[in-house]
Amino acid sequence: MPSENLLTWYSEHGRDLPWRRISDPYAVWVSEIMLQQTRVDTVHPYYKRFMARFPNAAALAEAPLEEVLLMWEGLGYYARARNLHRAARIIVERYDGQLPQSEQELNALPGIGRYTADALRAIAFDQNTLALEGNLRRVLTRLFDLHLDPRRPEVERELRRRGMSILPRGRASEFNQALMDLGALICTPRSPACHACPLAADCLALRNGTQEQLPFRQPKRPPPLRHAVAAVLHENDNFLITRRPEDGLLGGLWGFPGGFIEDGESNRLALIRVLKEQLGLKVDIINPLPPLGHAYTHFRVNLQPFACRGRLSGLRDRGDMRWVKAEDLDSVPMGRLDRMLARVVERTLHD
DNA sequence: CACGCGTGGTA
DNA sequence: TTACCAAGCGT
């Protein structure tokens, strides 16, 4: 039975991770959300800070969303933080602060999909489910030498069947995490360390010499480059920042007002247009600040910031607009690009 | 169901 | 440096 070798390997070589040290469903939940499309090394410091500040669902539910987003800043995919916060409030109101254990109830919570519900059931509640994610897809695809696109629904079902067929009943928690560690440490996307793999004797891809070319991949187009402008508006030591809509790119985060340049439009005209749209404000551009670049998943952006002046006295604080002092910019959740600009602002002001 | 959603690490 | 990736989810 291949799973015996796997579980033995896991007990000796499995990673010692903070969310594995305690058996608290809330801790497993937070870790699972943070780990979505995010590496363990990246999550580690975020997880520790988050758990120290929000040790349970009640603490998370009581906190304002903005503080949760601030703790999340830099992790990316901020819908995860918004959904985590929403779900915490539901858990407090509907489930007395404890995560539900059924597949249906878990899946109904915002931010918990098929994988996370299965992972919680297996890891936190010892139910015999397969938590099929990226590592398991790769490992199982190679183990069974399936030259198929694992994202196709019928292939997904086949992987689930195959995985369940080797899942040792009663040990789903270890089994799933063992496969994840195997995928992260041994059965890596490129150059897998098959010589050290506890499943080497059972691996059909290794037997056929196809492990390097699995799983099947689809070529992607390079992301386009987009141009953007932003305005640094200030009166004395107060800077104007705006809050992005709850949905979409960097939803709910704060930043400097601005937007994308349309085709054939100049930097300055774009900025004037965007500020009129967003703030109803006519501004004078004083001088350009150093341009900043950043790569998102679907596009790269080149941002040209400008220091601006305008009739700012009419702009009062409101839900999506706020004046903050330079030294308080750090207490406001921002995306990477706005954070870089905030650093420039702080540094410029310091000189 | 294909697409949008962030960021930092690695070859 | 560019390209590709890394414990998915919601719409």
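The values are calculated or read from the model by the stated rules, or taken from the named source; none is laboratory data. Remember, it's a predicted structure, so these values are computed and weren't measured experimentally. Cβ sites come from the backbone with ideal geometry, for glycine too, and all protein chains shown count toward neighbours.
Name the residue that is farthest from DNA strand B (Cβ to nearest atom), counting only residues in the range A:84-105 that are within 23 Å of the chain's Cα centre (by Cα) and touching a residue at least 40 places away in the same chain (Cβ under 8 Å).
So, considering only residues that are within 23 Å of the chain's Cα centre (by Cα) and touching a residue at least 40 places away in the same chain (Cβ under 8 Å), the one farthest from DNA strand B (Cβ to nearest atom) is A:L99.
To keep it simple, each residue is scored yes or no on (1) surrounded by 16 or more Cβ atoms within 10 Å (Cβ to Cβ); (2) modelled with pLDDT under 95; (3) closer than 18 Å to A:M180 by Cβ.
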{"position": "A:W29", "(1), (2), (3)": "yes, no, yes"}
{"position": "A:E32", "(1), (2), (3)": "yes, no, yes"}
{"position": "A:V43", "(1), (2), (3)": "yes, no, yes"}
{"position": "A:R49", "(1), (2), (3)": "no, no, no"}
{"position": "A:F54", "(1), (2), (3)": "yes, no, no"}
{"position": "A:E62", "(1), (2), (3)": "no, no, no"}
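Modelled with pLDDT under 90, outside the structural domain of A:L65 (by TED's automatic domain parsing) and in contact with a helix residue (DSSP H, G or I) (Cβ under 6 Å, 6 or more places away or on another chain): which single residue out of A:L281, A:L315, A:L292 fits that description?
So the residue among A:L281, A:L315, A:L292 that is modelled with pLDDT under 90, outside the structural domain of A:L65 (by TED's automatic domain parsing) and in contact with a helix residue (DSSP H, G or I) (Cβ under 6 Å, 6 or more places away or on another chain) is A:L281.
So how many residues does the range A:145-161 have that are of a type outside the set (K, R) and assigned to a helix (DSSP H, G or I)? Please lay out each step first, then the result.
Taking the range A:145-161 and keeping what is of a type outside the set (K, R), we get A:145-150, A:153-156, A:158-159.
Within this subset, residues satisfying the condition of being assigned to a helix (DSSP H, G or I) are A:153-156, A:158-159.
The total comes to 6.
When you go through (1) buried (at least 18 other Cβ atoms within 10 Å of the Cβ); (2) closer than 22 Å to A:T42 by Cβ one by one for A:G74, which number turns out not to apply?
It is condition (1) that A:G74 fails.
Does the range A:280-296 contain at least one residue that is more than 13 Å from A:V232 (Cα to Cα), in contact (Cβ under 8 Å) with a residue 40 or more places away in the chain and of a type in the set (F, W, Y)?
The answer is yes, given that some residue of the range A:280-296 is more than 13 Å from A:V232 (Cα to Cα), in contact (Cβ under 8 Å) with a residue 40 or more places away in the chain and of a type in the set (F, W, Y).
Filter the range A:321-347 down to the residues that are crowded, with 17+ Cβ neighbours inside 10 Å, in a strand (DSSP E or B) and either not hydrophobic (A, V, I, L, M, F, W, C) or not assigned by TED's automatic domain parsing to the domain that holds A:P290 (or both) and list them by number.
A:R322
Being over 29 Å from A:P290 (Cα atoms), away from DNA strand C (no atom under 16 Å from the Cβ) and among the hydrophobic types (A, V, I, L, M, F, W, C) narrows it down to one residue among A:I186, A:I166; which is it? Steps first, answer last, please.
Details: A:I186 fails: away from DNA strand C (no atom under 16 Å from the Cβ).
After ruling out the rest, the residue left standing is A:I166.
Take the range A:120-140 and flag every residue that is over 20 Å from A:E158 (Cβ atoms) and assigned to a helix (DSSP H, G or I). Give the derivation first.
Start the filter on the range A:120-140 by keeping residues that are over 20 Å from A:E158 (Cβ atoms), which leaves A:120-121, A:123-127.
Across the range A:120-140, the qualifying residues are A:L120, A:R121, A:I123, A:A124.
How many residues are part of a loop (DSSP other than H, G, I, E, B) and within 16 Å of DNA strand B (Cβ to nearest atom) if we restrict to the range A:58-74?
Filtering the range A:58-74 down to residues part of a loop (DSSP other than H, G, I, E, B) leaves A:63-64, A:73-74.
Filter once more, so that each one left must be within 16 Å of DNA strand B (Cβ to nearest atom): A:73-74.
Of the residues in that region, 2 qualify.
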